[in-house]
Amino acid sequence: MAPISPVGWHKSSYSGSNGGQCVEVALAAGTVQIRDSKYSGPPEGRPIITVPSHRWVDVLEFVLRGRAGEVGMGLSIELCSEGGATLKSHDGTELAFTAAEWDAFEKGIVNDEFSAS
């Protein structure tokens, strides 16, 4: 898999088709961080979910298989009837994505855009 850039946030190349709103990910020391580009509040209050790098592949496999449920490490994925999804972390952080955002994320995973290795 092609690795995610270790500097800054990365979104799927397919995100342009939904107004640029998307799932964004970034590498940090031993982790992958996930956020929602449509958050409009102050940067210090921006909700972010952090996943250990060694478990990131589990998240990607859940998404590719269209699975809902507990991924592990306190992270769950809920799929919505209209095609969107909500990520929930053990600390109560929630990120809700529209069908277009989730679709762009899935296509980016298929296109090998979100590897942490």
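The values are calculated or read from the model by the stated rules, or taken from the named source; none is laboratory data. Here the structure is a predicted model, which means the values were calculated and not measured. Glycine also receives a Cβ, built like all others from the backbone with ideal geometry; neighbour counts cover every protein chain displayed. In case anyone asks, the SASA skips ligands and DNA or RNA and just uses the protein heavy atoms, side chains included. Shrake-Rupley method; radii C 1.70, N 1.55, O 1.52, S 1.80 Å.
Within region 68-117, count every residue that is within 18 Å of Val32 (Cβ to Cβ), of a type outside the set (S, T, N, Q) and touching a strand residue (DSSP E or B) at 6+ places or on another chain (Cβ under 8 Å).
Number satisfying all stated conditions: 21.
I'm checking my understanding of the structure. Among residues of region 24-47 that are touching a Ser or Thr at 6+ places or on another chain (Cβ under 7 Å) and surrounded by 15 or more Cβ atoms within 10 Å (Cβ to Cβ), which one is nearest to Leu95 (Cα to Cα)?
To start, the set of residues in region 24-47 that are touching a Ser or Thr at 6+ places or on another chain (Cβ under 7 Å) comprises 24, 30-33, 47.
Going one step further and asking which of them are surrounded by 15 or more Cβ atoms within 10 Å (Cβ to Cβ), we end up with 24, 31-32, 47.
Numbers: Glu24: 11, Thr31: 17, Val32: 15, Pro47: 7 Å.
Ranking the qualifying residues of region 24-47, first place goes to Pro47.
Of a type in the set (S, T, N, Q) and open to solvent by 60 Å² or more (accessible area, probe 1.4 Å), is that true of Ser53?
Working: of a type in the set (S, T, N, Q): yes; open to solvent by 60 Å² or more (accessible area, probe 1.4 Å): no.
Considered against the rule, which asks whether it is of a type in the set (S, T, N, Q) and open to solvent by 60 Å² or more (accessible area, probe 1.4 Å), Ser53 comes out as no.
Return yes or no: is Gly8 assigned to a loop (DSSP other than H, G, I, E, B), closer than 17 Å to Glu113 by Cβ and modelled with pLDDT under 95?
Numbers: assigned to a loop (DSSP other than H, G, I, E, B): yes; closer than 17 Å to Glu113 by Cβ: yes; modelled with pLDDT under 95: yes.
Yes; evaluated as a whole, the condition is true for this residue.
When the residues of region 62-117 are filtered to those that are open to solvent by less than 20 Å² (accessible area, probe 1.4 Å) and part of a loop (DSSP other than H, G, I, E, B), which remaining residue is modelled with the lowest pLDDT?
Phe114
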